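Read-outs throughout are calculated quantities, based only on the coordinates presented, and are distinct from any laboratory measurement. Bear in mind that the values here come from a model prediction, so they are computed numbers and not experimental data. A quick note on method: Cβ atoms are made from the backbone with ideal geometry, for glycine too, and the neighbour counts reach across all protein chains shown.
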Amino acid sequence: MASKAYGGVFCSPDERQISTIGTGYIANYVSGGGARQAGATLTSKRIYFSGAVFTRNDRGRFVSYKQRKIVNVRDVTGTGYDFYRPLHLILWGIILMILCPLIALVTDSEDAIVPMLIVGIVLFIGFLIAYFVKRMTLLYVEYAGGNIAFNVKWIQKHEQDDFIRNIHLVKDKLYSSAALDQGFVTTPDEIPDL
């Protein structure tokens, strides 16, 4: 089942699926990630990720790009959420709602006050809708060398929390067992002669 979900088979035949999280095509498109699936599969050794990843550009805005990545659970250094709330859109809506009728007052166009007020209200509603469409809740997994962050706006909160909790439970289990037992190191007999 999991081998079909994100386009591949697990790296190791003894890996077993622990948890998955993701969005379908429609939810990912609506949340700004484009018309593609996005999600992650956690196994007993690795996290397999495929889909739209988000990062902040130099202006503090989020940009999206498509990525497929496999991260060893041992390398995970942290998990969490990043909440993007574009409040500047609401501010612009309020400014325009006030400015439109003021322009009509300043130009002494008494007949234009009501139409300009309606234009201001429509613009405010447009910016308010844009705010709700563009806001994001990103779940991120930090690891040695980078992070994976994807929009979980359309995923239920308990699913998000379960996925994060399972990452840390798998990590605890890995560290409680010997690295040799988990297949991450080789015995001296398996090291080839140079």
Quick check on the stretch 87-131: take the gyration tensor over C-alpha atoms, sort the square-rooted eigenvalues as a ≥ b ≥ c, and tell me if it's rounded (a/c under 1.5), prolate or oblate. oblate
Using a simple spin-label model with points 7 Å from Cα along the Cα→Cβ vector, what separation in nm is obtained for residue 14 and residue 111? 8.5 nm
Radius 12 Å from Cβ of residue 132, net charge of other residues (Lys, Arg +1; Asp, Glu -1): +4
Classify the stretch 39-126 as rounded, prolate or oblate from the Cα gyration tensor: take a ≥ b ≥ c as the square roots of its eigenvalues, call it rounded if a/c is under 1.5, otherwise prolate when a/b beats b/c and oblate if not. prolate
If amide H atoms are modeled at 1.01 Å from N in the peptide plane, then the residues at a separation of 5 or more from residue 153, or on another chain, having amide H under 5 Å from its own are 137
For residue 18, the residues 5 or more places away or on another chain with a placed amide H closer than 5 Å to its own amide H are 42, 43, 44
Let me check I've understood the local charge: for residue 63, count other residues with C-beta under 14 angstrom from its C-beta, Lys and Arg +1, Asp and Glu -1. What total comes out? +3
With the cut-off at 25 Å, tell me which of the pairs 45/134; 69/153; 66/134; 45/69 have Cα atoms farther apart than that. 45/134
Note down the nm distance, to one decimal, between modelled labels 7 Å out along Cα→Cβ at residue 176 and at residue 67. 3.1 nm
Under Karplus coefficients 6.51, -1.76 and 1.60, residue-wise ³J(HN,Hα) of the stretch 66-76 in Hz, glycine/proline x: 8, 8, 10, 8, 10, 10, 5, 4, 4, 7, 5
With θ set to phi - 60°, apply the Karplus curve 6.51 cos²θ - 1.76 cosθ + 1.60 along the stretch 134-149 and write out the HN-Hα couplings as whole Hz, x wherever there is a Gly or Pro. 8, 5, 9, 10, 9, 8, 10, 10, 8, 8, 4, x, x, 7, 10, 9
